[in-house]
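Peer 1: Can you read through this structure? Questions will come right after.
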Amino acid sequence: PAAGCEGTWDNLTCWKPAKIGDTVTLSCPKVFSHFFSKKVFLKRYSFPTGNISKNCTANGWSEIFPDISSACGLKDNVEPDDKLTFYKVVKALYTLGYSTSLIALTTGSAVLCVFKKLHCTRNYIHLNLFFSFILKAVSVLVKDKILYSDTNSIQCTEENPSLIGCKAILVIFQYCVMANFFWLLVEGLYLHTLLVVIFSENRHFIVYLLIGWGIPTVFVITWTLTRIYLEDTGCWDTSDKWWVPWWVIRGPILVSIVVNFILFISIIRILVQKLRSPDVGGNDQSQYKRLAKSTLLLIPLFGVHYIVFISQPDASEYQIVFELAIGSFQGLVVAILYCFLNSEVQSEVKRKWRLCLHLYVSRDYRLHNSSIARNGSGSVSDFHRNSRTQSFQQTETSVI
């Protein structure tokens, strides 16, 4: 507006509209809790009471004053530039991880959908897991693009002080993340049930759908209501009242991680028992190799790596690197192991390829035959010679 400054979101806090000459003063952004000394940082939601300000001038908003590092109580022995570089590197790594995972998962999902012989309960569950990874990757990339880009267009206005669009993005993001964890849990439940109980797969697929997509829906709706009525502040990306909104999301995820880890241990125990059975041939070395291979295949499918930092409520740098930078490649690993390297998938793709190649060679043979027939009976000898050559090429192609 000509008479003042528009409200704006600067990736740290929301500055409401102001008139020219006004000074707007706000408390320090809660995101700076990551920079505090250990004593303050361990008090998870004890944030500094410092203030930052901006002036509304005829040329727009001024720079933040006083210096945000000193005003918000950053540690003297920590360089903000170093922290900023660290987060930029992590962001670049997980952006690469989620992007490559997105490509691999989309391709893998297309393969599982196209080939009808791959349609079964096991692959349906894999397909839903792939889709949950896709949603998680897209939600992370969209959230970063819209909320934390340098060209952010989100505005804080008097008509829209609650940042509805910003909060909607966070709600979708929370749902996609939680759905991904619960589909990892479904994978664990399915495999464990196959090893322990004999049952009809199709009857229980609806239960898996309710667990994978239904439970996250219930908890995300509950989280949204708690944020609206108990803590409707900012963009919902930070929390003061961790005992309600934070645990509504974090609690079910922690439970799913623990349950999946228990299932993982139980499945490994069952595999050990089966390998030690007298009915199973092979020496001890080959059995241990098979067990090690099975274990390594199950770790990304069950998300067992999440158990490493489950006891730490605060995100250390190691946890940030492990869960964001390295964890972003989990979808890529799952797509490679359970689709591209799957012998069943490879066999079906090869079969379709050979069929298409056979049809192409047969069509070429028919066209060649028609051409010879039009040339007259004088080319009969050439026809037989070409026919034998074509037959040999077709046989060789089939062998390949």
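No value in this document is a laboratory result; all are computed from the given coordinates. Every value quoted in this text rests on a predicted model; they were computed, and no experiment measured them. FYI the Cβ positions are ideal-geometry reconstructions off the backbone, even for glycines, and counts take in every protein chain you see.
Peer 1: Run the numbers for Leu209 and Val114: contour at 0.36 nm per residue of separation, minus the present Cα-Cα distance, in nm.
Peer 2: 32.1 nm
Peer 1: Take Asp67 and Lys88, extend 7 Å from each Cα along the Cα→Cβ direction, and tell me the distance between the two endpoints in nm.
Peer 2: Here the answer is 1.9 nm between the modelled labels.
Peer 1: Just to be sure I understand the model, the point goes 7 Å from the Cα along the line to the Cβ. What's the resulting Phe340 to Thr217 distance in nm?
Peer 2: Computed distance between label sites Phe340 and Thr217 equals 3.3 nm.
Peer 1: What ³J(HN,Hα) values, in whole Hz, does the Karplus curve 6.51 cos²θ - 1.76 cosθ + 1.60 give for region 105-110 when θ = phi - 60°, with x put for Gly and Pro?
Peer 2: Calculated HN-Hα couplings, in order: 5, 5, 5, x, 5, 4 Hz.
Peer 1: A further question follows. Which ³J(HN,Hα) values in Hz, rounded to whole numbers, follow from the phi angles of region 222-236 under the Karplus curve 6.51 cos²θ - 1.76 cosθ + 1.60, where θ = phi - 60° and Gly and Pro get x?
Peer 2: Each residue's phi maps through the Karplus curve to give 4, 4, 4, 5, 5, 5, 5, 9, 10, 7, 8, 10, x, 9, 6 Hz.
Peer 1: Could you tell me the calculated FRET efficiency between Val349 and Arg250, based on Cβ-Cβ distance and R0 = 51 angstrom, to the nearest 0.05?
Peer 2: Working: r = 41 Å, r/R0 = 0.80.
Computed FRET efficiency for Val349 and Arg250 comes out at 0.80.
Peer 1: Take the Cβ-Cβ distance between Ile20 and Ile228 as r, set R0 to 35 Å, and report the resulting FRET efficiency rounded to the nearest 0.05.
Peer 2: The calculated FRET efficiency here is 0.55.
Peer 1: How charged is the neighbourhood of Ala58? Take every other residue with its Cβ under 15 Å from the Cβ of Ala58, and add Lys/Arg as +1 and Asp/Glu as -1.
Peer 2: 0
Peer 1: Can you give the extra length, in nm with one decimal, that the chain gains between Ile299 and Arg122 once fully stretched, where that is 0.36 nm per residue apart less the Cα-Cα distance?
Peer 2: Working: separation 177, 0.36 × 177 = 63.72 nm, distance 1.73 nm.
Length difference between fully extended and current span is 62.0 nm.
Peer 1: Calculate, in nm to one decimal, what Lys274 and Thr107 gain on full extension: separation in residues at 0.36 nm each, minus their alpha carbon distance.
Peer 2: This chain segment gains 56.7 nm when fully extended.
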